[in-house]
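The values are calculated or read from the model by the stated rules, or taken from the named source; none is laboratory data. Predicted, not measured: the structure shown is a model, and the values here were computed from it. All Cβ positions, glycine included, derive from the backbone under ideal geometry; neighbour counts span all protein chains shown. Protein only, heavy atoms only, side chains kept; ligands, DNA and RNA dropped before computing areas. Shrake-Rupley method; radii C 1.70, N 1.55, O 1.52, S 1.80 Å.
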Amino acid sequence: MNSPRLLNRFSLLILLLLSSLPATAAEKTEALELTLPPTFYAVPGVEINIYFDNIVLTETPEKYQFEVSCKLGKTEQNRWTLTPSASDAGEHPLAVKVTDANGKMLGKAKTTLHVSAANAGSERNTVCRLLIIGDSLTNATTYSNEIARLLSAPGNPDWQMLGTHKPKSAAEGVAHEGYGGWTWQRFVSQYEPEPDGTNRKRSSPFVYLGEDGKPALDLPRYFKKECNGKTPDFVIIMLGINDCFSAKQDAIDEKIDGMFTQADILIKALQAAAPHAEIGICLTTPGNSRQEAFYANYKDRYSRWGWKKIQHRLVQRQIEKFTDREKQNLFIIPTELNLDIVDGYPVNNGVHPNKVGYDQIGASIYSWLKYRLEN
């Protein structure tokens, strides 16, 4: 028979071994990192959503329960959804609570839904000029076409899109500065003395040779030369994927820091050349929900979970950096909320949506524009 002293020592050993084991996913509540922007936007007649997988950091969102408190909209299995009516115009608090299967609280966050009037901006007596800057998601031109379609509906001012890039897929009047593979840094400094027409071997539309023969960022020259001297009322920037996609998992913040250094340079130049322009920073969109889509594009180099961890952290950092900067004409556009990462993506592409997803991005940007057109 074992002595009590031996049993006590054995029990202590078992406890020490158990305490050294990794915590379960349910215990690591902070790992969910429930993240919402301070405000998101909607317009009567245009569907807006919060997809739950897009606001938490987990590979298994289906294991959790999401409870949304808001007097508008309805909660479905994978999202909260709303198509506002005219009577919904105004601001509405919204809170999200996440629990496990046993009802244990794992996270909560809140935001404000701003529903603009359907005719916001209709009394504007000047043309509303937009400049859209981005990477391959902008180069696809689909979300820009959707913005143009929505702005062309009754209740909106006359509009004009500035930009030198007008792909064959562009609808009438649609233009932008969106190029596949581009980053904040490329827009700041890329100069190609012998361009060949491809996205990679071209100069930034904002970089010119100076009198000293050296390339330099020159937004005033861009607006004078390419925009007939007109400056934008709104600048919409959707960049970040190419800046951070290859970040090492133990150096994500370092990669984001480098991106922000370049972002500050471009934003400062835009503010100096177009001091009245309101600049909307699009929160980086989540990728396809399917790992096989990432494998189709990148084989074993990059995974869906790896990108989700980078993208989620990037959104958190973007919110931290650009919140409460409205007095500097800097705003957040929450494009990461309203994107269906299942039906809004093809089965074989990791980060490029299909038309459904692109149209949802366009709806998010349009809703923000209507919010700003109220003022």
Fill in: residue 309, sole failed condition from (1) open to solvent by 40 Å² or more (accessible area, probe 1.4 Å); (2) touching a residue at least 24 places away in the same chain (Cβ under 8 Å); (3) not in a helix (DSSP H, G or I)
(3)
Worksheet item: Checking residue 358 against (1) among the aromatic types (Phe, Trp, Tyr); (2) under 23 Å from residue 90 (Cα atoms); (3) open to solvent by less than 20 Å² (accessible area, probe 1.4 Å), which single condition isn't satisfied?
Response: (2)
Discussion item. Among the listed residues 35, 75, 29, identify the single one that is more than 19 Å from the chain's Cα centre (by Cα) and at pLDDT 95 or above.
Written reply: 75
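Listed here are the residues, each with its yes/no results for (1) open to solvent by less than 50 Å² (accessible area, probe 1.4 Å); (2) under 29 Å from residue 43 (Cα atoms); (3) touching a Phe, Trp or Tyr at 6+ places or on another chain (Cβ under 9 Å).
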position: 320; (1), (2), (3): no, yes, no
position: 328; (1), (2), (3): no, yes, no
position: 333; (1), (2), (3): yes, yes, yes
position: 339; (1), (2), (3): yes, yes, yes
position: 343; (1), (2), (3): no, yes, no
position: 347; (1), (2), (3): no, no, no
Worksheet entry | Flag for residue 261 being over 23 Å from residue 139 (Cα atoms), at pLDDT 95 or above and not small (Gly, Ala, Ser) | yes
Item to complete: Within the stretch 284-299, identify whether any single residue is open to solvent by 10 Å² or more (accessible area, probe 1.4 Å), outside any helix (DSSP H, G or I), touching an Asp or Glu at 6+ places or on another chain (Cβ under 9 Å) and more than 30 Å from residue 125 (Cβ to Cβ), and answer yes or no.
Response: yes
Practice prompt. Spot the failing condition for residue 364; the list is (1) hydroxyl-bearing (Ser, Thr, Tyr); (2) in contact with a strand residue (DSSP E or B) (Cβ under 8 Å, 6 or more places away or on another chain); (3) open to solvent by 20 Å² or more (accessible area, probe 1.4 Å), and only one is missed.
Written response: (3)
Item to complete: With the checklist (1) closer than 29 Å to residue 373 by Cβ; (2) in contact (Cβ under 8 Å) with a residue 60 or more places away in the chain; (3) hydrophobic (A, V, I, L, M, F, W, C); (4) in contact with a Leu (Cβ under 6 Å, 6 or more places away or on another chain) in hand, flag the one item residue 273 doesn't pass.
Response: (2)
Worksheet item: Looking at the stretch 200-207, is at least one residue in a loop (DSSP other than H, G, I, E, B), modelled with pLDDT under 95 and loosely packed, with under 15 Cβ neighbours inside 10 Å?
Response: yes
Discussion item. List pairs: first residue in the stretch 110-128 and more than 12 Å from residue 375 (Cβ to Cβ) and part of a loop (DSSP other than H, G, I, E, B), second residue of a type in the set (A, V, I, L, M) and open to solvent by less than 40 Å² (accessible area, probe 1.4 Å) anywhere in the structure, Cβ distance under 8 angstrom, at least six positions apart or on different chains.
Written reply: 118/43
Discussion item. Take residue 69 and tell me if it is of a type outside the set (D, E, K, R) and within 18 Å of residue 338 (Cα to Cα).
Written reply: yes
Item to complete: Consider only pairs whose beta carbons are under 9 Å apart and that are at least six residues apart or on different chains; among these, list those whose first residue lies in the stretch 86-102 and is assigned to a strand (DSSP E or B) and whose second residue is modelled with pLDDT of 95 or more and of a type in the set (Asp, Glu).
Response: 95/67; 96/67; 97/67; 98/67; 99/67
Practice prompt. Determine the pairs where a residue that is without any contact (Cβ under 8 Å) to a residue 12 or more places away in the chain, located within the stretch 196-220, has a partner that is surrounded by 13 or more Cβ atoms within 10 Å (Cβ to Cβ) and not in a loop (DSSP other than H, G, I, E, B) with Cβ atoms under 6 Å apart, the partner being 6 or more residues away or on another chain.
Written response: 210/216
Discussion item. Can you report the number of residues in the stretch 128-145 which are touching a strand residue (DSSP E or B) at 6+ places or on another chain (Cβ under 8 Å), of a type in the set (Val, Ile, Thr) and under 16 Å from residue 356 (Cβ atoms)?
Written reply: 1
Worksheet, complete the sentence: In the stretch 38-72, anything part of a loop (DSSP other than H, G, I, E, B) and either of a type in the set (S, T, N, Q) or within 17 Å of the chain's Cα centre (by Cα) (or both) is listed as 38, 56, 57, 58, 60
Discussion item. Please go through the stretch 330-356 and give me each residue that is among the small types (Gly, Ala, Ser) and without any contact (Cβ under 8 Å) to a residue 24 or more places away in the chain, ordered by number.
Written reply: 344
Fill in: Extreme residue, surrounded by the fewest Cβ atoms within 10 Å (Cβ to Cβ), among residues of the stretch 219-262 that are over 18 Å from the mean Cα position of the chain (by Cα) and β-branched (Val, Ile, Thr)
261
Practice prompt. Among what's in the stretch 82-118 and is open to solvent by 80 Å² or more (accessible area, probe 1.4 Å) and among the charged types (D, E, K, R), pick the residue that is farthest from residue 58 (Cα to Cα).
Written response: 91
Worksheet item: What do you reckon, is residue 268 open to solvent by 10 Å² or more (accessible area, probe 1.4 Å) and either acidic (Asp, Glu) or within 17 Å of residue 332 (Cα to Cα) (or both)?
Response: yes
